[in-house]
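Engineer: Structure below; questions to follow.
The values are calculated or read from the model by the stated rules, or taken from the named source; none is laboratory data. It should be emphasised that the depicted structure is a prediction, and the values quoted were computed from it without experimental measurement. So basically every Cβ, Gly included, is an ideal-geometry build from the backbone, and we count neighbours across all protein chains shown.
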Amino acid sequence: MNKLKLSVAIGNYDRCRPLIDGAVQIDGVDPIFMTLSPEEIFFRAFRGAEFDICELSLSSSTVKAAAGTLPYVGIPVFLSRAFRHTAIYVRTDRIRKPEDLRGRRIGLPEYQLTANVWVRSFLQDDHGLAPSDLTWVRGGISHAGRPEKIRLALPADVRLEDAPDGETISSLLAKGEIDGYVAPRPPDVAPGTPNIGWLYPDPTAAAMDYYERTRIFPIMHILGVRRELAEQHPWLPGAIYKAFNQSKGLALEHLSDTSATKITLPFVEERLKQARDLMGEDFWSYGIDGNRHVLETFFRHHHQQGLSSRLVTPEDLFHPGTFESFKL
């Protein structure tokens, strides 16, 4: 049969590389891969639905799913996951512990970014800091004037203001005009800029403690396929899910082969053992069953933070053909 020629926009991750280089095929699809940054993919996907299959922000997808305007249907392939205890930088000359953030001014590139939803969730659950306890200053990390991708209607008690004209949240942090900074990328400041550091002095220990208490490995990005394609070809979401699972499996096989390290980083063998001891063999799991509690925790906080107009469920976001797969 003729294969569907579809555009696929994703990051250049090891878990996707077997697909990109052709070692794994998507049944019935002739893909055109584009490896782009998340910022570019999300901007083009949510503004113009430019791609047939693409990586999607979990937060932006949830906003759109709640409103019934998401042009994609989700596939539970979690291309990006991260403990975001490394995402919070502070002025170390005035902030010593999380509770010191109460009443302070915190910069962020967009209020609704997935990383920021997760950070606000553990600031609230672990340290008693509600979003209304801080003032949020929105601005670009490296370029002034970054807009929010999606129009938001935030609760009245959330104080969100724009950075001054010509300023970034990085420059404001360096000058001490804000007290903290939350973003998926570190602040764009000169090396050695004084009085800037992580809120958690040992973010790895903080993240491991968080996982041990919650069993949550935060999901950042999902995969999506354009809704009209999924409706026209009901087999397509399942085929995509199967291929991305196979690709991740090959990536983990390569990572586990330590005869010659596959990534340019020392201590890979030790870190891999540490991750599996803490989180199990399938520490980067795809699918709904093993991740329902992670998704439902995110959806609850997303709604409580005023980002989604209603409480979203996994069934609202993901294609029903991806909830189960065949077994031999």
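Engineer: Give the residues of the stretch 199-248 that are more than 30 Å from residue 26 (Cα to Cα) and either assigned to a helix (DSSP H, G or I) or among the small types (Gly, Ala, Ser) (or both), sorted by residue number.
Structural biologist: 203, 204, 205, 206, 207, 208, 209, 210, 211, 212, 213, 214, listed by residue number.
Engineer: Looking at the stretch 171-198, I want the residues that are part of a loop (DSSP other than H, G, I, E, B) and have a partner that is among the acidic types (Asp, Glu) with Cβ atoms under 6 Å, at least 6 apart or on another chain. Which pairs are those?
Structural biologist: 195/93
Engineer: Checking residue 7 against (1) without any contact (Cβ under 8 Å) to a residue 60 or more places away in the chain; (2) within 26 Å of residue 302 (Cα to Cα); (3) in a strand (DSSP E or B), which test does it fail?
Structural biologist: (2)
Engineer: With the condition kept exactly as written, say whether any residue in the stretch 263-272 is aromatic (Phe, Trp, Tyr) and at positive phi.
Structural biologist: The answer is yes, given that some residue of the stretch 263-272 is aromatic (Phe, Trp, Tyr) and at positive phi.
Engineer: With the structure loaded, tell me whether residue 143 is in contact with a helix residue (DSSP H, G or I) (Cβ under 6 Å, 6 or more places away or on another chain) and either part of a loop (DSSP other than H, G, I, E, B) or crowded, with 16+ Cβ neighbours inside 10 Å (or both) or whether it fails that test. Give the steps one after another, and end with the answer.
Structural biologist: Numbers: in contact with a helix residue (DSSP H, G or I) (Cβ under 6 Å, 6 or more places away or on another chain): no; either part of a loop (DSSP other than H, G, I, E, B) or crowded, with 16+ Cβ neighbours inside 10 Å (or both): yes.
Criteria not met by residue 143.
Engineer: Which count do you get for residues in the stretch 269-285 that are more than 14 Å from residue 251 (Cα to Cα) and without any contact (Cβ under 8 Å) to a residue 40 or more places away in the chain?
Structural biologist: 9
Engineer: OK, next. Under 22 Å from the mean Cα position of the chain (by Cα) and free of Cβ contacts under 8 Å to residues at least 12 places away in the same chain - does that describe any residue in the stretch 130-139? Outline the logic, then answer.
Structural biologist: Going through the stretch 130-139, the residues under 22 Å from the mean Cα position of the chain (by Cα) turn out to be 130-131, 136-139.
Narrowing the set further to residues that are free of Cβ contacts under 8 Å to residues at least 12 places away in the same chain leaves 130.
Scanning the stretch 130-139 turns up at least one residue that is under 22 Å from the mean Cα position of the chain (by Cα) and free of Cβ contacts under 8 Å to residues at least 12 places away in the same chain.
Engineer: I want to confirm something. Restricting to the stretch 15-31 and keeping residues that are in a loop (DSSP other than H, G, I, E, B) and touching a residue at least 12 places away in the same chain (Cβ under 8 Å), which single residue is farthest from the chain's Cα centre (by Cα)?
Structural biologist: Only one residue tops the list, namely 28.
Engineer: Would you mention how many residues in the stretch 199-250 are over 30 Å from residue 169 (Cβ atoms) and touching a residue at least 24 places away in the same chain (Cβ under 8 Å)?
Structural biologist: So the count comes out to 24.
A quick yes/no check of all residues on (1) crowded, with 20+ Cβ neighbours inside 10 Å; (2) touching a Lys or Arg at 6+ places or on another chain (Cβ under 8 Å); (3) modelled with pLDDT under 95:
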residue	(1), (2), (3)
115	yes, yes, no
123	yes, no, no
134	yes, yes, no
151	no, no, yes
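Engineer: Check residue 160 against each of (1) surrounded by 21 or more Cβ atoms within 10 Å (Cβ to Cβ); (2) assigned to a strand (DSSP E or B) and name the one condition it does not meet.
Structural biologist: (1)
Engineer: Separate question: Please verify whether residue 69 is β-branched (Val, Ile, Thr) and either surrounded by 23 or more Cβ atoms within 10 Å (Cβ to Cβ) or closer than 23 Å to residue 175 by Cβ (or both), treating the condition exactly as stated. Outline the logic, then answer.
Structural biologist: On the way: β-branched (Val, Ile, Thr): yes; either surrounded by 23 or more Cβ atoms within 10 Å (Cβ to Cβ) or closer than 23 Å to residue 175 by Cβ (or both): no.
So residue 69 fails the test.
Engineer: For the stretch 253-264, enumerate the residues that are without any contact (Cβ under 8 Å) to a residue 40 or more places away in the chain, assigned to a helix (DSSP H, G or I) and not charged (D, E, K, R).
Structural biologist: Just the residues of the stretch 253-264 that are without any contact (Cβ under 8 Å) to a residue 40 or more places away in the chain, to begin with: 253, 256-261, 264.
Now narrow it down to the ones that are assigned to a helix (DSSP H, G or I): 253, 256.
256, the sole residue that qualifies.
Engineer: Kindly evaluate residue 263 against the criterion of being under 24 Å from residue 184 (Cβ atoms), aliphatic (A, V, I, L, M) and surrounded by 16 or more Cβ atoms within 10 Å (Cβ to Cβ).
Structural biologist: For residue 263, the condition - under 24 Å from residue 184 (Cβ atoms), aliphatic (A, V, I, L, M) and surrounded by 16 or more Cβ atoms within 10 Å (Cβ to Cβ) - is not met.
Engineer: Residues in the stretch 1-47 that are in contact with a Pro (Cβ under 7 Å, 6 or more places away or on another chain) and either crowded, with 18+ Cβ neighbours inside 10 Å or at positive phi (or both): how many?
Structural biologist: 3
Engineer: Ok, one more. Could you check the stretch 290-320 and list, in sequence order, the residues that are hydroxyl-bearing (Ser, Thr, Tyr), in contact (Cβ under 8 Å) with a residue 60 or more places away in the chain and surrounded by fewer than 17 Cβ atoms within 10 Å (Cβ to Cβ)?
Structural biologist: Here is the first cut: in the stretch 290-320, the residues hydroxyl-bearing (Ser, Thr, Tyr) are 297, 308-309, 313.
Adding the requirement that they be in contact (Cβ under 8 Å) with a residue 60 or more places away in the chain leaves 297, 308-309.
Residue satisfying the conditions is 309 alone.
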